[in-house]
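**Q** Structure in structure tokens, see below.
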Amino acid sequence: MRVLAVNATYRPGKTTSRLAGKALEGAASLGAQTEMVHLKELDIGFCTNCLTCYQDQESEIADCVLTDDVRGVLEKIRKADGVILASPVHNGFVSGLMTAFVERATWTTLKPTGEMMGLKGCPEPRLTGKARAVATLVSAGMMPAELRQYCDTGSPWLMEAGVMICNGSPVGDMYAGAVFPRELNDDEWRRAYFFREITEAQDREAFELGQAMAQAIAGGQVKPYDPMAMMAALEEGKE
Ligand SMILES: Cc1cc2nc3c(=O)[nH]c(=O)nc-3n(C[C@H](O)[C@H](O)[C@H](O)COP(=O)(O)O)c2cc1C
């Protein structure tokens, strides 16, 4: 069983990396072989909208005109049984690096042959050799967990993209809200990101997310991408 974390932090080794690392430890504790990819350390170019990949409706991973490191990450996703997509919360969303990666993964791992609600040309997974478990993990610097709804439009978007790219189903999403060691004064609030701490509870939650992923994989609970199930889950999340 292989579990891969794709981490789009700009600061490898800090908050998002630590929590994604804990999630991998959780998966490893149940026998998974784990790996973390830091996109920041790779060459990840912007999609040029040349549509080379979009026109290829055969390949499992369509060719891209850019010869950078994206292909290598997609090959790792192909081999993985579970994928954790990790990012800091930036502007209430995910990082630009994650968005850039998802754009590049879109028509290289999806083909426009799907149909949904009578609409043709929808994305359909190419990586259909197996179903993969998908989890998201985002870390915030100022917004606490109880106000997540105001600062986390990224997680549902990332999960929707993730289950398509990975041809899989969701196993969990973690929002690591900002926690501070004490009451901050007004001046400190203006520098709140510097005071944010990772709590033991967050470490544990991340560890358990990784364990839940390993259990879902081992228990055969991971299903291939199903657009209608995904839409129903998103609708449920809005209520
Ligand atoms: C450009 C930028 C935008 C950010 N936007 C938010 C935000 O909307 N809400 C929030 O709580 N924190 C925000 N933060 C803080 C980061 O989410 C926080 O520092 C995060 O834990 C960083 O993860 P890292 O340690 O992996 O870099 C932002 C940080 C940056 C640099």
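The values are calculated or read from the model by the stated rules, or taken from the named source; none is laboratory data. Because the structure is predicted, anything quoted here is derived from the model rather than measured. Because the Cβ atoms are built from the backbone with ideal geometry, glycine has one as well, and the counts that use them run over all protein chains shown. All accessible areas refer to the heavy atoms of the entire protein, side chains included, with ligands and DNA or RNA removed. Shrake-Rupley method; radii C 1.70, N 1.55, O 1.52, S 1.80 Å.
**Q** Pairs of Cα atoms under 8 Å, at least six residues apart: use those to get the relative contact order of the stretch 1-139, whole percent. Intermediate results must be reported in sequence, preceding the final value.
**A** Working: 241 pairs, mean separation 42.7, N = 139.
Answer for the stretch 1-139 is 31 percent.
**Q** Let me ask something additional. Once fully extended, how much extra length lies between Arg182 and Cys122, figured as 0.36 nm per residue of separation less the alpha-carbon to alpha-carbon distance? It would help to have the intermediate numbers written out before the result.
**A** Values: separation 60, 0.36 × 60 = 21.60 nm, distance 4.88 nm.
Contour length minus Cα-Cα distance gives 16.7 nm.
**Q** Right, another one. Using each residue's phi in the stretch 167-173, evaluate 6.51 cos²θ - 1.76 cosθ + 1.60 at θ = phi - 60° and report the 3J(HN,Hα) Karplus result to the nearest Hz, with x for Gly and Pro.
**A** For the stretch 167-173, the Karplus curve yields 6, x, 9, x, 10, x, 9 Hz.
**Q** Additional query: If the stretch 1-135 were replaced by its equivalent ellipsoid, with semi-axes equal to the square roots of 5 times the Cα gyration tensor eigenvalues, what would those be, largest first, whole Å? Don't jump to the answer; show the numbers that get you there.
**A** Working: eigenvalues 133, 65, 39 Å².
Result for the stretch 1-135: semi-axes of 26, 18, 14 Å.
**Q** At a 1.4 Å probe, what is the % contribution of carbon and sulfur to the accessible area of the chain? Please list the in-between numbers first.
**A** Numbers: 6060 of 11950 Å².
Carbon and sulfur: 51 percent of the exposed surface of the chain.
**Q** Could I ask something else about it? For Ala218 paired with Arg2, estimate the spin-label separation in nm (one decimal), with each label point 7 Å from Cα along the Cα-to-Cβ line.
**A** The modelled label-to-label distance comes out at 2.0 nm.
**Q** A follow-up question, please. For n ≥ 4 DSSP H runs only, could you compute -39500 (n - 2.57) per run for the chain, divide by its residues and tell me the 222 nm figure to the nearest 500?
**A** Numbers: 8 runs with 90 residues, N = 239.
Value at 222 nm, helices only, nearest 500: -11500 deg cm²/dmol.
**Q** Also: For the stretch 1-77, taking Cα atoms only, what is the radius of gyration to one decimal and the Dmax to the nearest whole Å?
**A** Gyration radius and largest Cα-Cα distance of the stretch 1-77: 15.0, 43 Å.
**Q** If we count every other residue with Cβ under 11 angstrom of Ser139's Cβ, Lys/Arg +1 and Asp/Glu -1, where does the sum land?
**A** Details: positive: Arg11, Lys14, Arg18, Arg196; negative: Asp152.
Cβ neighbours under 11 Å give a net charge of +3.
**Q** So, one more: Take Phe101, Phe195 and sort them by solvent-accessible surface of the protein heavy atoms, 1.4 Å probe, largest at the top. Before the final figure, lay out the partial values.
**A** Working: Phe101 5, Phe195 45 Å².
These residues rank, largest area first, as Phe195, Phe101.
**Q** Then there is this: What accessible area, in Å² to the nearest ten, does a 1.4 Å probe give for Ser59?
**A** Ser59 has an accessible surface of roughly 40 Å² with all protein chains in place.
**Q** Also, I was wondering about something else. Which value in nm describes the separation of the simple spin-label points at Asn49 and Glu75, placed 7 Å from the Cα toward the beta carbon?
**A** Using points 7 Å along Cα→Cβ, the separation is 3.0 nm.
**Q** Run the paramagnetic zone check for Asp63: 7 angstrom along Cα to Cβ, then residues of the stretch 113-140 with backbone nitrogen under 11 Å.
**A** none
**Q** Could you pull the accessible area for Thr106 with a 1.4 Å probe, rounded to 10 Å²?
**A** 40
**Q** Still on this structure, I have one more. If you look for lysine pairs in the chain that are eight or more places apart or on different chains, how many of them have Cα atoms under 27 Å apart?
**A** Number of lysine pairs found: 26.
**Q** Tell me, what is the 1.4 Å probe accessible area of His90, in Å² to the nearest 10?
**A** Surface accessible to solvent at His90 totals approximately 60 Å².
**Q** Quote the relative contact order of the chain in percent (integer), defining contacts as alpha-carbon pairs under 8 Å separated by 6+ residues. Working shown, then result.
**A** Details: 480 pairs, mean separation 58.3, N = 239.
Answer for the chain is 24 percent.
**Q** What net charge is computed for the residues neighbouring Tyr193, neighbours being all others with C-beta under 13 Å from the C-beta of Tyr193, Lys and Arg scored +1, Asp and Glu -1? Don't jump to the answer; show the numbers that get you there.
**A** Numbers: positive: Arg11, Lys14, Arg190, Arg191, Arg196; negative: Glu188, Glu197.
Cβ neighbours under 13 Å give a net charge of +3.
**Q** Also, quick follow-up: Could you tell me what % of all Cα pairs in the chain have separations over 35 Å?
**A** Distances greater than 35 Å cover 12 percent of the Cα pairs.
**Q** Modelling each spin label as a point 7 Å along the Cα-to-Cβ direction, I'd like the Asp56/Arg18 distance in nm, to one decimal.
**A** That separation, rounded to one decimal, is 4.1 nm.
**Q** Equivalent-ellipsoid semi-axes (√(5λ), Cα gyration tensor) for the stretch 69-206, whole Å, largest first?
**A** Details: eigenvalues 222, 46, 35 Å².
They are 33, 15, 13 Å, listed from largest to smallest.
**Q** Going by accessible area, probe 1.4 Å, with all protein chains left in place, what is the ranking of Arg126, Arg190, Arg196, Arg18, largest first? Each step should come with its number before you reach the end.
**A** Values: Arg126 10, Arg190 180, Arg196 35, Arg18 105 Å².
Per-residue accessible area, sorted high to low, gives Arg190, Arg18, Arg196, Arg126.
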